[in-house]
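Quick notes on the structure that follows.
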Amino acid sequence: MANFNNKRWVAVIVVLVAFISFLVVKKFHLFSPKPVPQNGAKAGNGPPKESFIEVVPITFHVEKYQEITLTEGDAYAPRVSPDGSRIVFITKTGEKNSISIATLPGGAVSPLAVDLDDISDPAWSPDGKKIVFAGAKKGVWEIYLYDQGEKKLQPVTNDPKRKKSWPRLSPYKFDDNYRISYVSEEHGRKDIWWVRESGQYDQPVTFPAEREKEFSSSPYWSEIGTSGGAPTLITSGGNMPEWSPSGNLMLYRTAKGYSVLSYSYEDWWKELKADFPPSPGILSWAPNQVSYLEYNSGNGKAAIITRDSLKRKPVMGGKSLTSPPGFFPDGKGFVCTIQKQGRSIIAIEPYDDPLGDVANLWMYPYNRTQSDKLTKNQLLFLKADYDQIYNLYDSERYGSSGGVDMGAHARPYLVTSDAVLETFYAAFAALYAQVERAELAGVLEEFARTGAETAREKGASKDVENFFLTGLGLLKKDAVKSAPAVVRDEVARVEKGEGKGESFFGKELDYGDFYIRGKYERDKDLQGYFRAIKWFQSFTFDLNQEPQRRQAADMLAVAGAAKVRPSLERIYAIYRDMIGESRYYNPLNLKEIPSTGPLPEFKNGLPWVAGTGSFRLLPSIYTLDAHVFDELIWHAKNPESPQGRVLPMGLDIMAAFGSQEARKILLDELKEGRYPNYEKSLTNVTDKISRFSRSAWDGNLYQNWLDALGTLVREPDAKSPAFTKTAAWKRKQLNTALGSWVNLRYETIAVVEQVASECGEGGYETINIGKPRGYVEPNPEFFRRLDDGFGKLAVQLERSIKSPELKKGASEKIATYRQHLKALETIARKELDNTPLTDEEYGEILNIGGTVEHFIVLMGSLNGKDDDQAIRNPEPIRKIVDIQKAPDGATRLYAALGFVNEVNVAVPFYGRQAIVKGPVYSYHEFTSGEALNSEKWRKAGKQEPPAWIRNYYEGKSTSSLTTLPDMK
């Protein structure tokens, strides 16, 4: 096998170093430095590296209506804990207010012992460990925190001149401290103030204009190190502030109605323009931040106001409430106090909102149709125009200026099988190109040269000699300058790649088969190899007919010669290990062809490969997917085959691999059962494949790849989340498997058999949100099978590379990536078992884009003569490959990949749901009479997805949101 020379190895090292430098300059999120807020000296340096959003698992969900009656006193102002299991409320006994907690589901009530004269407006800390409230002692109202673990009461504010009420803890920390917003009343005016939970920096958010100088001269602005000093004063005044679940918005009432304040690192607080219906009541946020809960104290009624329509929907059965109600944290229930038999008691009741428990729904500006599809299918496809599978993973601003580290939210990622499969494709493509360049091209040239020489020496027919000379001329044109004109003309016809005509042995050839396509558009230096390998496969000899039997015997006599056979053996060995075997007699399974009588028994190690009775010198490979197609199209000689079905579909493969959804689409939607014998044939081939032993799948890399695809389309594990059992998800997996199959066929187009039918700037405090917690497709078996495939691929790569340095570098890269696959398998198993992930595991998900991009680009650098070009301009994912010709010889079945699209999936999230986003292939399949290649396909513009998945799409991918889309 040819060695890689030192010059090429040095070039690879230089390019890789340049690539690493390029990534650092680009602030590639695998190792980009975190921007540091300008207030680092006093206010902290923002969230720690790789800190993830804090989450409290929900342990109680409201399933039925329930009332909680106190032994004495009345209940008011209930608020539910972040885990849903406790309710804090005010107990009013006579004229005294105290604070109590009811524990669910039983409703047992426990009072809190606090030494205060009066209490109002309790609320929970984000972790559920503390309670904040306003308390009075000797007529002075301050804000207090009560630590339930330590049973300790802590005063937060200390300013007797102002009366405080309505305290609410921020959902996230500002730098290293939670903030408490509250109402401050002084001289009859109410304003919004906020203070750190430690009591530091007690300051106004809204303030009278006449006190601007006092506000601006506060030492706070210089202490936190802002370059612009105090921000613009908000003079509107305010009451009853409520933090949004996103932590950067504050809903509050002014004299004119409701308004919203927005906080950012760059601007501090500022007013936003927002539409609210006239409301005499009190508004609070729904947990998914796409609607408001309204309480009208005048009539004691409650309603939901949706953010998009601003229409009211009465809730809580029209009950007469005695204090403001609240949501349960999953958005699927309410807590309220109602009048019953002269008492104010607590009531809880369920609320039917299908997307109510989607914690980050507010981040996705869905229209009504999109929301309805997400509700129905638990996922939504969005059209996008990404040219690489990893581009989507750069769409959220993780660790970039203005991104998560600066207090902005980002949408969590879904590690899709599409993205991981693309890495296997990159490694396979690199290996395959290495083998072709380093060995196969040279071996094939040796085979053609020695074949021509041997044919001449043995006095073989001119057709045999010219056959080998033409193959040699396609590989090395100078080698046949003195060859007969018929050879030079044949080389020219093959290189032109169009039309039909008679060739050697009196056989008609379709020269369109030599049209450059597939991976050879990219690997231009291998285009001669593509034409030559196709040429040597193009002549089929029926051994049951003359003169074809005699012609095959003449060919075999040359190919079996001592100086020809070794090259042929090496070509077969390489393709056998990587792709598979042939169903034709050939020089390696047939030593001689008797002039008459039966042929020797055809033997093969793969369960679907049976002999055809025909001979090819260098036969194409009969892969399992080709066999499925062969079983599901019409053959005139087989009356049991599907009559009249001349072209297959990609879904045939997936149905045969066990996909019930693919079978349903084929039979119920596409009506393929209209072809007699189709359904029976599909059942037969499905049953055959289901009985394959493990060795059948482990035979070569091509089979390993198909095996991984099979794990995607079979029925999900019983423990799998509900979304994986929807028709939408199953069709997503079909789309993924078929998209990856396009890559497989694209790389192997030269040798995989096509079966034929016979028919006849400066800032303030940073909101410490933390990075989002993503999700991995919960299919551990897929990751295990793909890891096994990488293991076999690594062995092949070691065999194909002779340079010790290059071999070591490639092996280390694959070994490192296999650790990533093992981590994804572990994560997927934990998801099935409902086991919490570690921060390190969430880090695997967070950095998926960098991991995938890094690996694909490095593999791409091994797959081309110009390594720098491969790194800077990787081949676009959009590609097309012809799968099969119709009997008319002009129409071809094409499978193609379009732009990478986006899928949004509602996945389990600590007792509720969250929407995650990930990249997906866009699979296309159609017939055309035009010869197409990827260049033409890429110029054709965007195409509609197949009918069987089209209805699951709605709209286009949108950019990340930092606040409500309708609040400008």
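At a glance:
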{"item": "Of (i) 62; (ii) 45; (iii) 49, the label for percent of Cα pairs over 41 Å apart derived from the coordinates", "result": "(iii)"}
{"item": "Kirkwood Rh, Cα atoms: Rg over Rh of region 252-381", "result": "1.00"}
{"item": "Cα-centred dipole magnitude for region 89-226, charges only on beta-carbon of K, R (+1) and D, E (-1), debye, nearest 20", "result": "280"}
{"item": "Computed over region 436-577, Kirkwood Rh from alpha-carbon pairs, angstrom", "result": "15.4"}
{"item": "Loop trypsin sites (Lys or Arg not before Pro), region 179-256, which have at most 10 other Cβ atoms in a 10 Å radius of their Cβ (DSSP)", "result": "Lys256"}
{"item": "Simple spin-label estimate for Ala492 and Lys313 in nanometres, 7 Å along Cα-Cβ", "result": "7.5"}
{"item": "Förster-model FRET efficiency, 25 Å R0, Glu63 and Ser98, C-beta, rounded to 0.05", "result": "0.25"}
{"item": "Whole-Å distance, taken between Cα centres, linking region 205-262 and region 89-139", "result": "28"}
{"item": "Which of Leu568, Trp141, Leu786, positive extreme of dipole for the chain (C-beta unit charges)", "result": "Trp141"}
{"item": "The chain - share of DSSP beta bridges that are antiparallel (%, nearest 5)", "result": "90"}
{"item": "Ranked by how many other beta carbons lie within 10 Å on average, peptides 327-334, 312-319 from highest", "result": "327-334, 312-319"}
{"item": "Förster radius 25 Å - calculated FRET efficiency between Ser461 and Thr891 (Cβ-Cβ, nearest 0.05)", "result": "0.10"}
{"item": "Antiparallel DSSP beta bridges within region 234-278, as percent of all bridges there, nearest 5", "result": "100"}
{"item": "Where only alpha carbons of region 648-781 are counted, the Rg and the Dmax (Å)", "result": "20.1, 79"}
{"item": "Cβ-placed point charges (K, R +1; D, E -1), dipole of the chain about Cα centre in debye, nearest 20", "result": "420"}
{"item": "Charge dipole (debye, nearest 20) of region 183-233; +1 at Cβ of Lys and Arg, -1 at Cβ of Asp and Glu", "result": "80"}
{"item": "Across Lys664/Lys936; Lys96/Lys256; Lys138/Lys340; Lys273/Lys301; Lys96/Lys151, pairs whose alpha-carbon gap is larger than 25 Å", "result": "Lys664/Lys936; Lys96/Lys256; Lys138/Lys340; Lys273/Lys301"}
{"item": "Normalised convex hull volume, region 405-450, alpha-carbon set, Å³ per residue", "result": "92"}
{"item": "Pairwise FRET efficiency - Gln643 versus Asp542, Cβ, R0 = 25 Å, nearest 0.05", "result": "0.55"}
{"item": "By average C-beta atoms within 10 angstrom, highest first, the peptides 678-684, 545-551", "result": "678-684, 545-551"}
{"item": "The chain - mean residue ellipticity at 222 nm from DSSP helices (-39,500 (n - 2.57) per run, n ≥ 4, rounded to 500)", "result": "-9500 deg cm²/dmol"}
{"item": "Ranking of Arg307, Arg493, Arg674 by count of other Cβ atoms within 10 Å, fewest first", "result": "Arg674, Arg493, Arg307"}
{"item": "Region 581-641-region 485-517 distance, computed between alpha-carbon centres (Å)", "result": "25"}
{"item": "C-alpha center-to-center spacing [region 418-447, region 789-832] in angstrom", "result": "16"}
{"item": "Order of Asp394, Asp385, Asp652, Asp478 - criterion: other Cβ atoms within 10 Å of each residue's Cβ, fewest first", "result": "Asp478, Asp385, Asp394, Asp652"}
{"item": "For Tyr178, residues with placed amide H under 5 Å, excluding near neighbours", "result": "Glu197"}
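Any read-out appearing in this document is the output of simple, stated calculations on the displayed coordinates, not a laboratory observation. Values in this document were obtained by computation on a predicted structure and should not be read as measured data. In this analysis, Cβ positions are derived from the backbone assuming ideal geometry, glycine residues included, and neighbour counts consider all displayed protein chains.
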